[in-house]
Structures are given as structure tokens and as C-alpha cells.
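The values are calculated or read from the model by the stated rules, or taken from the named source; none is laboratory data. The structure presented is a predicted model; accordingly, all values stated were derived computationally and were not measured. No Cβ is skipped: glycine too gets one built from the backbone with ideal geometry, and neighbour counts run over all protein chains shown. All accessible areas refer to the heavy atoms of the entire protein, side chains included, with ligands and DNA or RNA removed. Shrake-Rupley method; radii C 1.70, N 1.55, O 1.52, S 1.80 Å.
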Amino acid sequence: MILFLDGGYTLADGSIACADSIREYTQEELVSVKIAEYMDWDSVYRYLEDAYAIVLAADVYLDSVSANVLNFLEKVEQAVIEGESIGGKFYAILYTELYEGEQTGVAMEALKNFCVHANITWGRGLGIGGNKVKAGICRSGLWGLFRRSVTDFRLRSLQEQALFIREKIQGTDVYIKPEAVSRKEYIRRMNHEMKKSNRVKIAQNF
């Protein structure tokens, strides 16, 4: 069984796409748990004990995952110290709105540090940049031409991550970016979307 931890992320292709990809390419039972302030910890501990793989998917902001995720990891670490048994390998899938997947590196190291303290084997990390790229794609024009390749760059990486999970093996962490789109164009488009969103909020306040 795979325990999929939804750490609060905004995958451009939909909130369930990541879990669905892992489930599809591993062909294994997958239990999805949303990390929140209040959780059914009895169930969580049972899942942690039974899972051969623990997969965390989360957004990264300012080099860190959310406070809910950090609190969750702290509680799991404490449970291990108190005698809970966790044998599954830990796999991370981290997303960032910044263009380079390497921008998730600091958060990835924090997760590795958690694994050391919680005596959990680190499996492999996948850092995905350009998480908001699809929000800037138009129906026509240059960005419309990129739609297929932008989608595929995530899926290929998720399939590869699923292979490591299915085979229960460790691997070198990988960081990717939407190479079909230049960094300059990505930033320009994101700035445009931000200004557009701000104009909408201002209009709504009047």
C-alpha cells in the first residue's frame, strides 16, 4: 500500500492529478490523506505502519513547505521516537511557482533531515518548477502551442518517480522545469496574470 500525503499543493493540471499518476503507474493500492490542522491520527499511524511507500506532494513557498506539513512531520517524528514502527521509504514531490525546480532544494533537504531524525529511509525527491505555467496558457498564440509539451514534462517525471516507488528503490533527487517555455516568457506571463488578478480584486472591492 502507498500512503499519499497531500500537503496542500496546486498542480496546474488539477489537485488529484499527482495522486492519480502515482496510482496509475504503480498499479498499487493508494490511500490519500490530506494534511490538515486536525487529523484522525489513529488512522494516520495505521497507514504509516502498513505503507511500503510514503509519498508527500506539497507546494514550496519561501524555501519551505506549509506549517501544516511541518507540524505533521514533527508529530510523526515524535511518534517514531515513542515506538511507532515505520518501514516504508519516503518519496517527495515538491512544486514551486518559481521557474527552476532546484528552488525546492532547501525544502527537500529539510525533508531528508526529517527522515534521518525519524529513522525513515529516504527514497527519492522530485522538484518541479513552473507550477503555475498552465495558468498563463492562452487558447491561441504562442502559449497555446506549448500546451501539450508543458503538460507532458510533468507527467514523464511523475511516471519516473512512480517507477522508483513501485520498485521500492532509492534514487538521486531530480529537479525539472518547463523547458518548452523560456524563463523570461514564464516570468513575463506570471507578472501579467498577477496584475490581472490584482485588478479583479480592486474592482471587487468597489
Quickly run through region 28-45 and pick out the residues that are of a type in the set (D, E, K, R) and either surrounded by 14 or more Cβ atoms within 10 Å (Cβ to Cβ) or not in a loop (DSSP other than H, G, I, E, B) (or both).
-> GLU28, LYS34, ASP42
Give the residues of region 73-85 that are surrounded by fewer than 21 Cβ atoms within 10 Å (Cβ to Cβ), under 14 Å from GLU49 (Cβ atoms) and in contact (Cβ under 8 Å) with a residue 12 or more places away in the chain, sorted by residue number.
-> ALA79, VAL80, GLU84, SER85
Filter result for MET190 (in a helix (DSSP H, G or I), open to solvent by 80 Å² or more (accessible area, probe 1.4 Å), within 14 Å of GLU97 (Cβ to Cβ) and modelled with pLDDT under 75) = no
Test result for LEU70, open to solvent by 70 Å² or more (accessible area, probe 1.4 Å) and either at positive phi or at pLDDT 90 or above (or both) = yes
Here the qualifying pairs (Cβ atoms under 6 Å; residues six or more apart or on different chains; first in region 154-177 and crowded, with 19+ Cβ neighbours inside 10 Å; second among the hydroxyl-bearing types (Ser, Thr, Tyr) and part of a helix (DSSP H, G or I)) come out as LEU158/SER21; ALA162/TYR25; ALA162/THR26; ILE165/THR26
Considering only region 21-41, state which residues are at pLDDT 90 or above and either in contact with an Asp or Glu (Cβ under 8 Å, 6 or more places away or on another chain) or charged (D, E, K, R) (or both).
-> GLU29, SER32, VAL33, LYS34, ILE35, ASP40
In this structure, is LEU126 at pLDDT 85 or above, surrounded by 13 or more Cβ atoms within 10 Å (Cβ to Cβ) and in a helix (DSSP H, G or I)?
-> no
Go through (1) open to solvent by 70 Å² or more (accessible area, probe 1.4 Å); (2) at pLDDT 90 or above; (3) not β-branched (Val, Ile, Thr) one by one and return the number of the condition LEU62 breaks.
-> (2)
Does ALA107 fit the bill of being crowded, with 17+ Cβ neighbours inside 10 Å and in a helix (DSSP H, G or I)?
-> yes
